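K.L.:
Quick one: the structure is below, questions incoming.
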Amino acid sequence: MSSEAYPHLDGNAAAGELNRIFAFDITATEGQCSNCGARRRFAEAHVYMKCPGIVARCAGCGHVLLRLVNAGGRLLLDLRGMTYLVLDTSQFQDSGG
Amino acid sequence: MTWRTATVVGLHDETRTARTLTLAVRDWPGHVAGQHVDVRLTAPDGYSAVRSYSIASPPSADGRIEITVEQLPNGEVSPYLTEEVVAGDELELRGPIGGWFVWRSDQREPIQLLAGGSGIVPLMGMIRSRLLANNAAPFRLLYSVREPEAIFYREELEALSAKHVTVNYAYTRAVPNDWPRPPGRVDRDLIASVTWPANLNATCYLCGPTGFVETVADLLSMAGNRREKIRTERFGPTGERK
């Protein structure tokens, strides 16, 4: 993983695509990395958009949290890198999603 | 989240390479300062490109939003939005997007804004939102730009400066006449002298190219700001974000 060759963005950049799937705003959602155990907002994840799809990695250890691939009319979502998500229900009113 | 039709109703040049578009969006649900939209352009042959742009305008009920677009060399979308688009044109848009990199008008704590280049756009939305809401939260802005000519919203920032937001500039390539500092990037000394002291526990909003965000987030952290209080939004050098 070289941030020089593939500059990462962050969870905000993937939110438009992920909002197609999730009913809530993913950026404010807290998730736990299944590798290092760090708990962070998804907005803080390092996101690589220039792949065949989207890859989000833990900002702490680089472990893959999420992959999303759009393959000919099928959307493939791999969430293996996150142990759980915590939703802040107060965000639902005005997050605009 | 569905794609909506947006009609271009106003165009305003901010700099030689950046333009603000006012869009009237059908069924716009309203937004919070700091959120962005995705814009989709589709060619006659069906090829489409999607790019994200931050909203520069404060929340309003009239179904209009403003985005400011910086033209990138060899970009697929930004040259169209900065040069070719005319009033009356229609674009496809989805949003508003994001609930983390936002400032809500009921926040009362001190706010530190830090912008690199066109990273000013969502932060301007926050400054305008604060003004509209008559919120007295103390705001400071540190705005890093290549040169004085590259400043967005220049006159508006000048008018708001001091009374509504304390504005400091960092020039990386060329400085104005009689400027006390040589051109240079944001560094530890500048962070120490113009941003809120860490003991005020300000919420920091940091937006710019990835390298700028990484560097400045580290500097804020070293100055004693807690990581949970530093909210970031990055865009890539070729990603045509913002």
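K.L.:
Ordered by residue, what ³J(HN,Hα) values in Hz, to whole numbers, does region B:96-107 give under the Karplus form 6.51 cos²θ - 1.76 cosθ + 1.60, where θ = phi - 60° and Gly and Pro are x?
P.N.:
Values per residue, Gly and Pro as x: x, 10, x, x, 10, 7, 9, 10, 9, 6, 9, 6 Hz.
K.L.:
Dipole size in debye (nearest 20) for chain B around its Cα centre, Lys and Arg Cβ +1, Asp and Glu Cβ -1?
P.N.:
Numbers: 27 positive and 29 negative charges, 179 e Å.
Magnitude of the dipole: close to 860 debye.
K.L.:
Still on this structure, I have one more. Apply the Karplus parameterisation 6.51 cos²θ - 1.76 cosθ + 1.60, with θ equal to phi minus 60°, to every residue of region B:215-225 and state each ³J(HN,Hα) to the nearest whole Hz, in sequence, with x for glycine and proline.
P.N.:
Values, residue by residue: 5, 6, 4, 5, 4, 5, 5, 5, 7, x, 6 Hz.
K.L.:
Read phi for every residue in region B:118-123 and hand back ³J(HN,Hα) as whole Hz from Karplus 6.51 cos²θ - 1.76 cosθ + 1.60, θ = phi - 60°, with x for Gly and Pro.
P.N.:
6, x, 5, 4, x, 6
K.L.:
What fraction of the Cα pairs in region A:1-85, stated in percent, has a spacing above 15 angstrom?
P.N.:
Numbers: 1894 of 3570 pairs.
Every Cα pair in region A:1-85 considered, those over 15 Å come to 53 percent.
K.L.:
Shielding by partners for B:90-98, please: the mean number of other protein chain Cβ atoms within 10 Å of each residue's Cβ.
P.N.:
Values: counts 0, 0, 0, 0, 4, 5, 8, 14, 14.
The mean count of partner-chain Cβ atoms within 10 Å per residue comes to 5.
K.L.:
What is the sum of charges, Lys and Arg at +1 and Asp and Glu at -1, for the other residues whose Cβ falls under 10 Å from the Cβ of B:P183? Let's see the in-between values first.
P.N.:
Values: positive: B:R146, B:R173, B:R181, B:R185; negative: B:E147.
Summing Lys/Arg as +1 and Asp/Glu as -1 gives +3.
K.L.:
Given a cut-off of under 8 Å on Cα pairs at least six residues apart, what relative contact order in percent is computed for chain B? Write out the running numbers ahead of the final one.
P.N.:
Working: 519 pairs, mean separation 48.3, N = 242.
Relative CO of chain B lands at 20 percent.
K.L.:
Tell me which of B:G75, B:V102, B:L220 sits at the most positive position along the dipole axis of chain B, charges placed on C-beta atoms (Lys, Arg +1; Asp, Glu -1).
P.N.:
B:L220
K.L.:
On to the next question. Taking the C-alpha atoms of region B:5-128, how large are the radius of gyration and the largest Cα-Cα span, Dmax, in Å?
P.N.:
14.4, 51
K.L.:
Then there's this: Could you work out the local net charge near B:R128, counting Lys and Arg as +1, Asp and Glu as -1, over the other residues with Cβ closer than 15 Å to its Cβ?
P.N.:
Working: positive: B:R64, B:R104, B:R130, B:R154, B:K163; negative: B:E14, B:D62, B:E66, B:E155, B:E156, B:E158.
Around B:R128, the surrounding residues sum to -1.
K.L.:
What does DSSP give for the protein assembly as shown in terms of the percent of beta bridges that are antiparallel, rounded to the nearest 5? Could the numbers behind the result be given before it?
P.N.:
On the way: 52 of 76 bridges.
In the protein assembly as shown, DSSP labels about 70 percent of beta bridges as antiparallel.
K.L.:
How many angstrom lie between the C-alpha centres of region B:118-147 and region B:173-214?
P.N.:
Between the Cα centre of region B:118-147 and that of region B:173-214, the gap is 14 Å.
K.L.:
Based on the Cα gyration tensor of the protein assembly as shown, what are the three equivalent ellipsoid semi-axes, each the root of five times an eigenvalue, rounded to whole Å and given largest first?
P.N.:
Result for the protein assembly as shown: semi-axes of 28, 25, 20 Å.
Read-outs: derived from the displayed coordinates by stated rules, not from any lab. Bear in mind the structure is a predicted one, so any value in this text is a computation, not a measurement. Here the Cβ is made from the backbone with ideal geometry for all residues, glycine too, and neighbour counts use every protein chain on show.
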